[in-house]
Amino acid sequence: MTTPSASLQAQIRSVLSEVLGVPAASISAASSPASIDAWDSVQHLSIVMALEQACGVQFEPEDIEKMKTVGDIESIVASKQA
């Protein structure tokens, strides 16, 4: 897995904060739908679309399935940008 840069982590957490309506400071690599109430299946698709636009990447269906935590999302985006 590719390790995301600090700036990429901040960008991704900012997108998640905006989509989910939670403070970016409350989002960690371990954050997941289990720890963020607003993160449901519909919001997951909103996150995917917002990240594709913000980060200039395209996710495959299997990438989307692997997005279980914020850390997973950061690694997937970093590998797409590598």
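Can I27 be described as in contact with an Asp or Glu (Cβ under 6 Å, 6 or more places away or on another chain) and either modelled with pLDDT of 95 or more or surrounded by 17 or more Cβ atoms within 10 Å (Cβ to Cβ) (or both)? Walk me through it before giving the result.
Details: in contact with an Asp or Glu (Cβ under 6 Å, 6 or more places away or on another chain): no; either modelled with pLDDT of 95 or more or surrounded by 17 or more Cβ atoms within 10 Å (Cβ to Cβ) (or both): yes.
Here the answer is no, as I27 does not meet what is asked.
Rundown of residues vs (1) acidic (D, E); (2) open to solvent by 60 Å² or more (accessible area, probe 1.4 Å); (3) modelled with pLDDT under 95; (4) assigned to a helix (DSSP H, G or I), yes/no style:
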{"residue": "I12", "(1), (2), (3), (4)": "no, no, no, yes"}
{"residue": "Q53", "(1), (2), (3), (4)": "no, yes, no, yes"}
{"residue": "E62", "(1), (2), (3), (4)": "yes, yes, no, yes"}
{"residue": "V77", "(1), (2), (3), (4)": "no, no, no, yes"}
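Is it the case that the stretch 33-41 has a residue that's among the small types (G, A, S) and closer than 22 Å to S79 by Cβ?
Scanning the stretch 33-41 turns up no residue that is among the small types (G, A, S) and closer than 22 Å to S79 by Cβ.
Are any residues in the stretch 57-74 over 10 Å from the mean Cα position of the chain (by Cα) and of a type in the set (D, E), and if so, which ones?
The answer is E60, E62, D63, E65.
Within the stretch 30-39, can one find any residue that is surrounded by 17 or more Cβ atoms within 10 Å (Cβ to Cβ), in a helix (DSSP H, G or I) and at pLDDT 95 or above?
Checked against the condition, which is being surrounded by 17 or more Cβ atoms within 10 Å (Cβ to Cβ), in a helix (DSSP H, G or I) and at pLDDT 95 or above, the stretch 30-39 yields no hits at all.
The values are calculated or read from the model by the stated rules, or taken from the named source; none is laboratory data. Treat the numbers as computed from the prediction; the structure is a model and nothing was measured. Note that each Cβ is placed from the backbone with ideal geometry, even for glycine, and that neighbours are counted across all protein chains shown. For the accessible areas, the whole protein counts, side chains as well, though only heavy atoms, and no ligand, DNA or RNA atoms are used. Shrake-Rupley method; radii C 1.70, N 1.55, O 1.52, S 1.80 Å.
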